Every structure is written in structure tokens, then in C-alpha cells.
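Read through the structure below, which is laid out as C-alpha cells, and then see the notes.
The values are calculated or read from the model by the stated rules, or taken from the named source; none is laboratory data. In this text the structure is predicted, and so the values were computed from the model without any measurement. So basically every Cβ, Gly included, is an ideal-geometry build from the backbone, and we count neighbours across all protein chains shown. With ligands, DNA and RNA removed, areas are computed over all heavy atoms of the protein, side chains included. Shrake-Rupley method; radii C 1.70, N 1.55, O 1.52, S 1.80 Å.
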Amino acid sequence: MTPLLELKNIGRTFGSDPPVQALTHINLRLESGEWLAITGPSGAGKSTLLNIIGLLDRPSSGQYLLHGRDTATLTDEQRAGLRGRHLGFVFQSFHLLPYRSVRENVMLAEVYRRHPRDGRGDRALSALREVGLEARADFSPTKLSGGERQRVAIARALAVSPNLLLCDEPTGNLDSASAARLLDLLQGLNRRGLTIVIVTHDEKVAARASRRVEIIDGRLTEHTSGSPAPRRASSPTGPAREAAPSGITARDLVEETVAGLFAKPARTALTTLGVVIGITALVATVGISRTAGNRIIGTFNELAATEIVVKPRAALATSHNQVIPWDAPARLARLNGVVAAGTLSPVNTKDALVSASPVQDPQQQTAFKLAVQAASPRAFAAARANLKTGRLPDDGHSARADRGAVLGPTAAERLNVRGTSHLPAITIGDQMYLVIGILGNVGRQPDLLGSVIIPEGTARRDFGLTSPSSVIVETQIGAATLIARQAPLALKPDDPKAVAVTFPPEPKRVREAIQSNLNILLLLLGGLSLIVGALGISNITLVSVMERVGEIGLRRALGATKQHIALQFLLESTALGLLGGTAGASLGLLTVVAVSAYQTWAPVLDPAVPLLAPLVGGVIGLVSGTYPALRAAKLEPIEALRS
């Protein structure tokens, strides 16, 4: 008859410098229905032998047969399947999950068996009833005594109806009364035919077993104790012959992931906060960049996209030919789409200095070399000039050649002219001019800010200006290209090629360029925030792996494979990313709306951003959780349980 298990010359060596021989030439045969006690001093190798029997560890040498099948030929998935379906474990440290109820801890035994969910809770209650803890089903394990926790661990082991129950010092942390009740429970289970292997150093515990072996210095010695228990015949469909791989349903995986996430809500919230900040920054920067870009483009359309400058071609610029006529503003104003037009010409003052003081002060400079410009009345409107104080010249000033001047704000500051109420005067060379106005700002032609501007007729009389140097034209939005084609014909119909027209590039191209530059700049800031969030998830997930090493060992003992462990941690980190992405998208949109409202801008929101942001968060969580998940999966069951 094939025994339940058989060990042939099993050896186990740890390390290599120097190697430690934990087990040496272990030979053991165990029949179904036996209760075997493994005794020996601490460090003799009792737990090591139990771990090999429970497929938590692999022997360094020898052969381990389970129902006649060599376990060395089993894959990791098949070993996990055997642990989950046919082996039950009772650990000295209980290994109960503190964030799950007693019932849920017992139900965990079925998670990696692909067992139907229907009736799982009832089966857990039945196992708890068997150990006398049905009334504590909804308690937290932290509310139970040591004896009760150990009975919960036994109920969890019994929930899968194992062929073999493995107990590692189950009474080590219990008082004498609790230990006696636990042994009575185990004896009752054995009498019903359950095979039990128990590791202990307590003679009272060993005396309850029907068979006893002792390990000293890694070598096994056979003893006898008590009377043999009834044995069950082995079945050809025993666990080793089935060797079905372990598995978990999608619903169970999701539930275990959710439970893991909310095991420590504060840690989950802080981890998610990193992604929330990153996604919020990304969504907000994209939204604000589009909103600000739209605002900038609006300003561009009003200024740059509506400005035309007409000048003589370079070959004719120094000639005495009058390329641009004096009535150029009136001619252009008749074109449909022109808002304002005016001539603007630099005046050659022949090194004359400009001064606002009639007395030369040797202690400080009172005369300056300033640009002097001649402008027609409508040039100020075409340049979007704002008047700070005083007035602007009109057609009468030019027709009479009045000596009046308008100062740009920079020129006024240098000349120390603060206002026009006291009728200040300046001199250009030997000629005196009354300051009639001071500009505040200009939308175009920034040279005007530091210039002295005199009427066109005055420049013709005092400085011999022969013809306008340029015409500044403001057009309606969208009319710039048309006016640029018509202006040469309107100003020089006999030779339109003598006129050069400068107008802005197509607004759409400039809009795209500005938007692209803004997006790159602000996306870099958002991307940096995302990297910080990803590092936060990776770090916290790694810390979580370190904190949950014992849980990982328990899940491996209950049938989880490396892939199951890795997948759970990946799902947890991905879920954190999705939660952070969703919250970050909402906060980012609110930020865009708040900033737009404060600036009185019209918010521009891309409808794809709030939909893609959670996906981006999920991808960040997935990528940042990969290393911690792989590290968790690499932990061997026995290494995790020892930790």
C-alpha cells in the first residue's frame, strides 16, 4: 500500500561559507490516519523537516514522495496547488490577518483553490463551529486570546478538508489550559481519520501522538508513544497524483486587492496623495496652458495679427522720390477692413540734443540725445497709444506746423517732465516746443516710448522731412492679408513694387507655435510632479511589501503562486494610481476653473484630459509597483514565514 508520504535520505543544507547541515539522511514513512510528533531540542531541524513535508521548502538532497509521486518533478504552481487543496498549516505565530474578521481569515483558505464562492461563508462558519468559535466569527483577531487565535488558525486549516495537517509548535504561545483544549481538539480530529504531523519540544504534547520521532543534530530517531490511531487507506486519486495547479478567480483577486488597500487607510491615503498631486499638476498645467494660450492668442489676434507696416523698398528708401504720399493715411482708410492708418517717420535732427531746462547745469545732465519722430494724427490710434496726460495733436497742428510735442513715458522721465498742467516746454536744438501730451503705453511701435513725437507738418518745416518713412496700419481681424495686397496699389498705383508691405504670419501658425511652447513648458512641470508621485507609490508599495512579508508567506502556504502575489501587489499599486488619477483630474479641473475665474478668463478644457488622467494614474501605479511586486513574488514561502 502506498504511504501518504515517504522521505528517502533527505538532506538540507543552508549557506555555503561555511555550509550548515540542518538535516542529514532523513528517512520517514507516514501512513494516512497517523498522528506523528516530531520532537527534539531547539535548532535540531524539526521545523526544517516540517517545512519540507509541507512543500514550503525544498530538500538539498534525497527524495520526497507524496502519494508515490516525486515532489521534485512538480512545478511551483503544482506545489502551490497541493498546499492549497490538501495540506493544512497551523503556525506557532497564528499568522492571522489583523485587518480581516475571524470569518474572513478562515475563508482565505479557499481563495487559491478556485472553489465556488457560494456557501464559502457557511463553510467558514462550520469550521469555526468545529473549534468552538462560531460566536466570534465577526470579531477582529486582535480581540481574541492566544488560544482562540490558534483555534482560528486550525479552523482555517480545516476549511479545505486537508489530507494532512501540519502543526509547528501550536501550543508554544498558549497557557496550559488553552494548550490542553487545543490538544483535545487535535486528538478528536485524528480519531476521525485526519493525518497530523506536529512539531513540539513539549513532552505532554508528544505523549498525545500515536507515533513519535526525534531529531538531534539533523538526524532522525524513531520512538513509539501511545496506541496507534485508525488509519485511512490511501487513494489512487490522492493529492500528489492530482497535482492540480493553484488558481484564483478574478472576483477573489479584486476583493483581496481591495482588502489589502484598506488594511491601513492612512498609508493608502498618503500614497494616493502623491499621484493626486502629480495628476492635479498635469491636468491643471494643461488646462491653464490652453486657457492662457487662448488668452495670448486673443491678444495676438488683436495686435500682431492686425498690424501692417508699409515702407519704401530699400533701393528707393534714400532717394528723393516720394514713394509714400503725404495723404497715405486717407488713401488707406478708404480700403475695407482698415481700422486706422497713420504715417510715422524718424526725424533727422543732426545731433541736436533735447532738453527741458533753459539753463545748463554743470552738476547734472540736462540735455539728451533722444529720438524724434514725426507722426500724423491717426498714427497714435494705429499704434494703440494710450495717453497718460494732456492731449494728442490733430490735423490743425500739422497743417499750421505748430511747435507742439508729445513725449513717450521714457523720454518724459529722462527730461523730468511730470505733467502738462504747467505748460512745460522742451528744446530740440535751438527750437522750443510746448509739451501738449505724455503717453502712458503703446500696443505697437515700442520705439515711441522713448521718443519725442512732433506733428508731421512741423517736421517738414523745421527739419526738412521730404516724405513719410512708413505707414502704420491697423486692420480688422482676418483682413491683414487682403490689405497687404491692396496697399501698394492704393499708395503707388503707377509702381506698386516700389512699396514694401510687412504683415504678420498666418495667425493659425503662430497660435500653434505659442500653444506648443506653453504646452512643453507646463507639461514638463506636470511630468516632474508625476515622477515624484510615481516614486512615492513605488516607495510606499515597497514598504508595504516589507511590512506584509508574513502575510505573503501565509498566502503562499495557502496555495498562492508567485504570479498571484505579484498580481495582487500590481493591482494594489494600479488601483492607487487610478484613485489618485481620478481625484487629481477633479482637483485639476477645479484649479483651472478657479484660476480662470480669478483672472476673468474663459476656461478652455480639453474633454479628453479628465478621461485620460485616471488612465495615466493607473499606468503610473502599474509601472511604479512593478519592482515591489516582483520582489514580493521572489520571496520563498519559508523565508516569508520566518520573517
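Restricting to the range 420-432, count the residues that are open to solvent by 40 Å² or more (accessible area, probe 1.4 Å) and either touching a helix residue (DSSP H, G or I) at 6+ places or on another chain (Cβ under 7 Å) or assigned to a helix (DSSP H, G or I) (or both).
Step one: list which residues in the range 420-432 are open to solvent by 40 Å² or more (accessible area, probe 1.4 Å), which gives 421-423, 430-432.
Still in the running and either touching a helix residue (DSSP H, G or I) at 6+ places or on another chain (Cβ under 7 Å) or assigned to a helix (DSSP H, G or I) (or both): 431.
Residues flagged as open to solvent by 40 Å² or more (accessible area, probe 1.4 Å) and either touching a helix residue (DSSP H, G or I) at 6+ places or on another chain (Cβ under 7 Å) or assigned to a helix (DSSP H, G or I) (or both) within the range 420-432 amount to 1.
Of the residues R181, R212, R232, which is open to solvent by 10 Å² or more (accessible area, probe 1.4 Å), at pLDDT 90 or above and not aromatic (F, W, Y)?
Just a single option satisfies the conditions, and that option is R212.
Would you pick out the residues in the range 81-98 that are over 13 Å from E169 (Cα atoms), in contact with a helix residue (DSSP H, G or I) (Cβ under 7 Å, 6 or more places away or on another chain) and not in a loop (DSSP other than H, G, I, E, B)?
L82, R83, R85, H86, G88
If you scan the range 433-450, which residues turn out to be open to solvent by 50 Å² or more (accessible area, probe 1.4 Å) and aliphatic (A, V, I, L, M)?
Listed by number, the list holds a single entry, L434.
When you look at L186, is it in contact (Cβ under 8 Å) with a residue 40 or more places away in the chain and part of a helix (DSSP H, G or I), yes or no?
Taking the combined requirement at face value, the residue satisfies it.
Among the residues of the range 105-129, count how many are assigned to a helix (DSSP H, G or I) and without any contact (Cβ under 8 Å) to a residue 40 or more places away in the chain. Working first, answer last.
Applying the first criterion (assigned to a helix (DSSP H, G or I)) to the range 105-129 yields 105-110, 120-129.
Within this subset, residues satisfying the condition of being without any contact (Cβ under 8 Å) to a residue 40 or more places away in the chain are 120-129.
Number of matching residues: 10.
For residues that are among the polar types (S, T, N, Q) and closer than 22 Å to S145 by Cβ, scanning just the range 76-125, find the one that is least open to solvent (accessible area, probe 1.4 Å). So that I can check it myself, show each step before the final result.
First pass over the range 76-125, keeping only residues among the polar types (S, T, N, Q): 78, 92-93, 101, 105.
Among the residues that remain, those that are also closer than 22 Å to S145 by Cβ are: 92-93, 101, 105.
On the way: Q92: 65, S93: 78, S101: 25, N105: 2 Å².
So the residue we want is N105.
Take the residues in the range 389-399 that are in contact with a helix residue (DSSP H, G or I) (Cβ under 7 Å, 6 or more places away or on another chain) and without any contact (Cβ under 8 Å) to a residue 60 or more places away in the chain; name whichever of them is surrounded by the most Cβ atoms within 10 Å (Cβ to Cβ).
The initial filter retains those residues of the range 389-399 that are in contact with a helix residue (DSSP H, G or I) (Cβ under 7 Å, 6 or more places away or on another chain), namely 392, 398-399.
Adding the requirement that they be without any contact (Cβ under 8 Å) to a residue 60 or more places away in the chain leaves 392, 399.
Working: L392: 19, A399: 11.
Only one residue fits best here, namely L392.
When residues of the range 107-143 are filtered for being under 27 Å from G81 (Cα atoms) and of a type in the set (S, T, Y), how many remain?
Within the range 107-143, residues that are under 27 Å from G81 (Cα atoms) and of a type in the set (S, T, Y) number 2.
Could you tell me how many of the residues in the range 242-301 are under 30 Å from R79 (Cβ atoms), modelled with pLDDT of 80 or more, charged (D, E, K, R) and open to solvent by 30 Å² or more (accessible area, probe 1.4 Å)?
Final tally of qualifying residues: 2.
Would it be correct to say that S161 is open to solvent by 30 Å² or more (accessible area, probe 1.4 Å), closer than 24 Å to N51 by Cβ and without any contact (Cβ under 8 Å) to a residue 40 or more places away in the chain?
Yes; evaluated as a whole, the condition is true for this residue.
Kindly list the number of the only condition in (1) in a helix (DSSP H, G or I); (2) in contact with a helix residue (DSSP H, G or I) (Cβ under 7 Å, 6 or more places away or on another chain); (3) open to solvent by 30 Å² or more (accessible area, probe 1.4 Å) that fails for D138.
It fails just one condition, (1).
Sort out which residues of the range 1-10 are surrounded by fewer than 16 Cβ atoms within 10 Å (Cβ to Cβ) and part of a loop (DSSP other than H, G, I, E, B), and write them in order of number.
Listed by number, the list holds a single entry, M1.
Table: residues versus (1) modelled with pLDDT of 85 or more; (2) open to solvent by less than 10 Å² (accessible area, probe 1.4 Å); (3) acidic (D, E).
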residue	(1), (2), (3)
I531	no, no, no
I540	no, no, no
R556	yes, yes, no
Q563	yes, no, no
A566	yes, no, no
S573	yes, yes, no
L576	yes, no, no
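Checking Q599 against (1) in contact with a His (Cβ under 8 Å, 6 or more places away or on another chain); (2) more than 30 Å from R83 (Cβ to Cβ), which test does it fail?
Of everything listed in (1) in contact with a His (Cβ under 8 Å, 6 or more places away or on another chain); (2) more than 30 Å from R83 (Cβ to Cβ), Q599 misses just condition (1).
So, N9, is that one in contact (Cβ under 8 Å) with a residue 40 or more places away in the chain and touching a His at 6+ places or on another chain (Cβ under 6 Å) or not?
yes
Suppose the filter is over 14 Å from K311 (Cα atoms) and crowded, with 20+ Cβ neighbours inside 10 Å; does S470 pass it?
Judged against the criteria, S470 is not a match.
Only one residue in V417, V406, V452, V435 is hydrophobic (A, V, I, L, M, F, W, C), closer than 22 Å to S355 by Cα and assigned to a loop (DSSP other than H, G, I, E, B). Which one?
Exactly one of V417, V406, V452, V435 is hydrophobic (A, V, I, L, M, F, W, C), closer than 22 Å to S355 by Cα and assigned to a loop (DSSP other than H, G, I, E, B), namely V417.
Can you name the residue in the range 496-518 that is over 19 Å from T343 (Cβ atoms) and outside any helix (DSSP H, G or I) and, of all such residues, is modelled with the lowest pLDDT?
Step one: of the range 496-518, the residues over 19 Å from T343 (Cβ atoms) are 497, 504-518.
Cutting the leftovers down to outside any helix (DSSP H, G or I) gives us 504-506.
On the way: P504: 65, P505: 58, E506: 52.
It comes out as E506.
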